[in-house]
1. Select from the range 92-108 the residues that are in a strand (DSSP E or B) and closer than 26 Å to ASP288 by Cβ and list them in ascending order.
2. When you check THR309 against the structure, is it polar (S, T, N, Q) and without any contact (Cβ under 8 Å) to a residue 24 or more places away in the chain, yes or no?
3. Considering only residues that are part of a strand (DSSP E or B) and surrounded by 14 or more Cβ atoms within 10 Å (Cβ to Cβ), which ones fall in the range 306-328?
4. Could you list, ordered by first residue, the pairs with Cβ atoms under 6 Å in which the first is in the range 387-414 and without any contact (Cβ under 8 Å) to a residue 40 or more places away in the chain and outside the structural domain of PHE15 (by TED's automatic domain parsing) and the second is part of a helix (DSSP H, G or I) and surrounded by fewer than 16 Cβ atoms within 10 Å (Cβ to Cβ), at least 6 apart or interchain?
5. Inspect all residues belonging to the range 386-404 and state whether any of them is small (Gly, Ala, Ser), closer than 26 Å to SER217 by Cβ, over 21 Å from the mean Cα position of the chain (by Cα) and in a helix (DSSP H, G or I).
6. Pull up the range 187-222, narrow it to residues that are under 25 Å from LYS349 (Cβ atoms) and touching a residue at least 60 places away in the same chain (Cβ under 8 Å), then point me to the one that is surrounded by the fewest Cβ atoms within 10 Å (Cβ to Cβ).
7. Only residues that are surrounded by 24 or more Cβ atoms within 10 Å (Cβ to Cβ) and either basic (Lys, Arg) or not in a loop (DSSP other than H, G, I, E, B) (or both): list them for the range 1-18, please.
8. Over 23 Å from PRO267 (Cβ atoms) and surrounded by 19 or more Cβ atoms within 10 Å (Cβ to Cβ): does that describe ASP100?
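The values are calculated or read from the model by the stated rules, or taken from the named source; none is laboratory data. Fair warning: this is a prediction, and the values are worked out from it, not measured in the lab. In this analysis, Cβ positions are derived from the backbone assuming ideal geometry, glycine residues included, and neighbour counts consider all displayed protein chains.
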Amino acid sequence: MNEPQKHVVILGGGFAGLNAARKLRAPNLRVTLVDRQNHHLFQPLLYQVATAGLAAPDIAQPLRHILARQRNVTTLMDEVQAIDLDKRQVTLGHGTLSYDYLIVALGARTGYFGRRDEWERYAPGLKTLDEATQLRRRMLHAFEQAETTRNTAEWSRLLSFVVIGGGPTGVETAGALVELARRVLTHDFRRIDPSKAHVHLVEAAPRLLLPFSPEQSEYTRRKLEAMGVKVHLGAPVTEVGPNHVQAGDLRIEASVILWAAGVEASPVTQTLAGVPLDRAGRVQVAPDLSLPEHPEVFAVGDLAAIVDTKNVRVPGVAPAAAQTGKHAAKQILAEIKGKARQPFTYLDKGSIATIGRSAAVAAVAKMRFNGWPAWAMWMSVHLFFLIGMRNRLIIFLHWAWAYLTWQRGARIITGINPSSDAPAPTPAASAAAASPPAPAPQKA
């Protein structure tokens with residue numbers, strides 16, 4: 001049996017990288033997939049892990065298991081350090097890889113508009129399972145601390161939560177968090193009333209969900225406010241501290257702050273010498289998704305700034321990432337067979353975002369759906385795109401049980417680190433610790 005003639009290295013096991021690897025089922029190809037995690041993550045449902053709706057394994061699958069039957073693929077768990085385009089080498093944390101073709105699918109990370117060093121430690125993002133489980137731990141721990149505090153001002157701060165960013169992640173997280181407080185936890189405590197928690201959604205733009213129509217944005221705002229979320233529009237964030245957010249003239253004291261206001265490409269793109277990048281660090285690619293001066297290298301998914309053959313700017317969503325990964329793989333297969341490459345054309349399958357129970361917005365072609373029909377579409381689409389029948393079944397059962405009972409099972413607090421997970425006390429609370437205890441706020 002002949003040895004594989006070409007070595008394809010894929011950096012990243014997200015939607016783009018995984019779909020590229022699955023497409024490269026050819027006996028004359030040797031494929032190496034590298035990811036810093038050992039799993040493929042279904043990012044659209046991360047917010048449900050963060051808000052105790054799902055457990056972490058429900059939305060992830062080991063990459064080795066997914067690709068176990070594809071014998072031409074080797075999976076490595078390692079960190080990508082740099083890419084040398086001239087030498088055709090990738091530097092990893094534990095060595096180097098040479099390639100004939102390279103598919104860069106490292107995705108995006110949370111973007112802080114140049115204030116990462118100042119704000120990230122106080123307002124983490126929601127891009128990984130570690131971030132989701134830490135956020136869940138901090139949210140649930142805030143309720144537990146409020147149950148034990150004897151200071152009214154501190155109780156109010158502990159039960160205040162801020163979500164920064166009015167895109168799908170921000171809207172979905174704010175809606176799920178207010179349902180957690182007002183429905184799921186409402187009967188679990190004796191000294192506090194969780195339903196009196198304050199959930200703030202802060203957005204710099206004049207409306208939520210900018211990719212959707214203004215009417216759907218307004219529907220989303222009204223629905224969130226009816227659920228109990230305090231929506232602040234036209235409020236660009238100017239300061240984030242350990243216990244507060246400053247957005248224009250508005251200052252919000254809070255125990256937990258989530259940043260969902262922007263993304264930027266993986267910092268590895270900075271090592272691509274001579275390759276043009278946009279302001280968010282994304283790679284500007286040729287029509288076939290390759291690098292202009294290096295046709296053997298493709299940039300796909302959230303890492304790439306793509307305008308397709310119809311002059312459509314491709315959005316950073318999971319279906320688009322999957323399409324770009326498949327397209328890059330097809331161009332490699334075509335070239336090996338001596339065929340010409342083709343430019344990328346994005347197939348827009350629509351946009352959808354959930355707000356809360358029986359409430360969502362969907363835009364498919366020229367059709368618009370709000371409320372329960374959009375919510376049913378949202379559930380169906382997410383179940384379809386999940387990896388693995390086991391995960392689909394478990395999540396469906398979780399959702400059915402939650403719908404019938406308002407219960408969420410993933411509410412166990414583990415791994416408490418007092419220095420990082422516990423909300424920092426305010427000066428007033430520290431002073432109150434030395435004072436005689438005040439009565440704890442009672443349920444109404």
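1. Passing the criteria: LEU97, SER98, TYR101, LEU102, ILE103, VAL104, ALA108.
2. On the way: polar (S, T, N, Q): yes; without any contact (Cβ under 8 Å) to a residue 24 or more places away in the chain: no.
No: the conditions fail for THR309.
3. So in the range 306-328, the residues part of a strand (DSSP E or B) come out as 307, 313.
Selection gives VAL307 alone.
4. So the pair list comes out as ARG392/LEU383.
5. Residues of the range 386-404 small (Gly, Ala, Ser): 388, 400, 402.
Of the ones still in play, those that are also closer than 26 Å to SER217 by Cβ are none.
No: zero hits.
6. If we filter the range 187-222 for residues that are under 25 Å from LYS349 (Cβ atoms), which is where we start, we get 205, 207-220.
Right, trim to touching a residue at least 60 places away in the same chain (Cβ under 8 Å) and you get 209, 211-213, 215-216, 219-220.
Numbers: LEU209: 25, PRO211: 13, PHE212: 22, SER213: 13, GLU215: 11, GLN216: 23, TYR219: 22, THR220: 26.
Looking at residues that are under 25 Å from LYS349 (Cβ atoms) and touching a residue at least 60 places away in the same chain (Cβ under 8 Å), I get GLU215.
7. Of the range 1-18, the ones surrounded by 24 or more Cβ atoms within 10 Å (Cβ to Cβ) are 8-18.
Result: VAL8, VAL9, ILE10, LEU11, PHE15, ALA16, GLY17, LEU18.
8. Values: over 23 Å from PRO267 (Cβ atoms): yes; surrounded by 19 or more Cβ atoms within 10 Å (Cβ to Cβ): no.
So ASP100 fails the test.
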